[in-house]
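J.: What follows is a single structure, and I will ask about it in a moment.
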Amino acid sequence: MEKQVKVRMFKPGEVIKALCGHCGEIRTSTFHYRDYKSPASKKIVHNVLQAFCIVCNTLTAIPDQSAPKIKEQLEDQTLPLEVRISPQLEDVIYILSARIGVEAPEMTRMVLGFYIHELKKQVFQKRLMEALTDDFADGKGTSRISLRILNRFADGLDAESDKMGLNRSQLIKAILIRAKLDLLDNADGKMARRFYDAAHLMAA
């Protein structure tokens, strides 16, 4: 397990010594929650803890605890996912959506995320490839998946599809067929119980 780096957490009102770019000297600086404006993109991130010079009020430091929020909100973390699927595979998504009580795009993310995680187990790759030979795999792609997914999620899809010699559309098709077999046809099985437990927690 990777060792986690300790982060010192500051609170509003705490003070530090920091170089002030305006004064050109080391100054006492006080932490406050204020909006942060990116010098490069000019985008605004609201309510970020920062240290300001007590003499001229210039920003002097951004603590480690503020960096993840700034990074997440300044970077485009999502990509569009557009895939053609057969109507019967779309039905799988809507049945699962109704069971969990979430909308179809969110259910699609849940199903894909669950099975991408399962693909870390080599034995599951065989089960996924077998899904493509199932009778339910027949059907023209007259329906469409259209949603936005996290960049790292898209990277995971592409990495796993490359390992299996599939393109992204084929992998998603195989996952949805596997979802039909595991979560609907065998709704009392171990895989289904794990999925439904996780899905209900995420939807709560």
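Values in this text are rule-based calculations from the coordinates and carry no lab data. Bear in mind the structure is a predicted one, so any value in this text is a computation, not a measurement. As a convention, Cβ positions derive from the backbone with ideal geometry for all residues, glycine included, and neighbour counts pool all protein chains shown.
J.: Can you give me the three principal axis dimensions of segment 15-74 from its C-alpha atoms, in Å, biggest first?
T.: 31, 21, 15
J.: List the residues whose amide H sits under 5 Å from the amide H of Thr78, counting only those 5 or more places along or on another chain, with H placed 1.01 Å from N in the peptide plane.
T.: Asn151
J.: Further, regarding this structure: Select from segment 10-50 those trypsin sites (Lys or Arg not before Pro) which occupy a DSSP coil region and have at most 13 other Cβ atoms within 10 Å, ordered by residue number.
T.: Filter output for segment 10-50: Lys42, Lys43.
J.: Can you pull out the cysteines in the chain that have no other Cys Cβ under 4.7 Å?
T.: Cys56
J.: Ok, one more. Quick check for me: using +1 on Lys/Arg Cβ and -1 on Asp/Glu Cβ, what's the dipole size of the chain about its Cα centre, in debye to the nearest 20?
T.: 740
J.: Pull up the cross-link candidates among the lysines for Lys126, meaning alpha carbon to alpha carbon under 21 Å and not fewer than 8 places away within one chain.
T.: Straight-line reach from Lys126, under 21 Å: Lys163, Lys173, Lys180, Lys190.
J.: Are there GluC sites (Glu not before Pro) in segment 72-180 that DSSP marks as loop and that have at most 16 other Cβ atoms within 10 Å, and which are they?
T.: Glu75, Glu103
J.: Then there's this: Where is the GNM fluctuation largest for the chain (alpha-carbon springs, 10 angstrom cutoff): Pro105, Pro39, Pro63?
T.: For the chain, modelled as a Gaussian network with Cα springs under 10 Å, the answer is Pro39.
J.: Which one, Tyr94, Leu119, Thr133, is farthest towards the positive end of the dipole of segment 89-204 when Lys and Arg carry +1 and Asp and Glu -1 on their Cβ?
T.: Value computed over the given set: Leu119.
J.: Arranged by the count of other C-beta atoms within 10 angstrom, fewest first, what order do Thr28, Thr142 take?
T.: Result, fewest neighbours first: Thr142, Thr28.
J.: Right, next: Spelling out what I want: for every residue of segment 45-55, take phi, set θ = phi - 60°, compute 6.51 cos²θ - 1.76 cosθ + 1.60 (Karplus), and round to whole Hz; glycine and proline get x.
T.: Using θ = phi - 60°, the values come out as 10, 7, 6, 10, 6, 9, 9, 10, 4, 6, 8 Hz.
J.: Taking Cα centroids, how far is segment 106-127 from segment 36-65 in Å?
T.: If we compute the Cα centre of each part, the gap is 40 Å.
J.: Continuing with this model, one more query. Quick one: among Ala154, Ala18, Ala179, which has the greatest mean-square fluctuation in a GNM of the chain with alpha-carbon springs under 10 angstrom?
T.: Judging by the Gaussian network model, the answer is Ala18.
J.: Same structure again: Against the longest alpha carbon principal axis of the chain, how many degrees, from 0 to 90 and to the nearest 10, is the axis of helix 122-131 turned?
T.: So the inclination is approximately 50 degrees.
J.: Sticking with this structure for a sec: Would you kindly compute the Cα radius of gyration of the chain and its largest Cα-Cα separation (Dmax), both in Å?
T.: 23.8, 74
J.: Taking amide H positions as placed 1.01 Å from N in the peptide plane, with prolines and chain starts having none, which residues 5 or more places from Ala61, or on another chain, fall under 5 Å of its amide H?
T.: Ala51
J.: What aspartates and glutamates does Lys120 reach when the alpha-carbon gap must be under 12 Å and sequence neighbours fewer than 8 apart in one chain are set aside?
T.: List returned: Glu160.
J.: I want to check a number: in segment 15-74, how many lysine pairs have alpha carbons closer than 15 Å, given a sequence separation of 8 or more or different chains?
T.: Numbers: Lys37/Lys69; Lys37/Lys71; Lys42/Lys71; Lys43/Lys69; Lys43/Lys71.
Qualifying lysine pairs in segment 15-74: 5.
J.: Give me the net charge for the shell around Phe31: Cβ to Cβ below 15 angstrom, other residues only, Lys and Arg +1, Asp and Glu -1.
T.: Counting the neighbours of Phe31, the net charge comes to +3.
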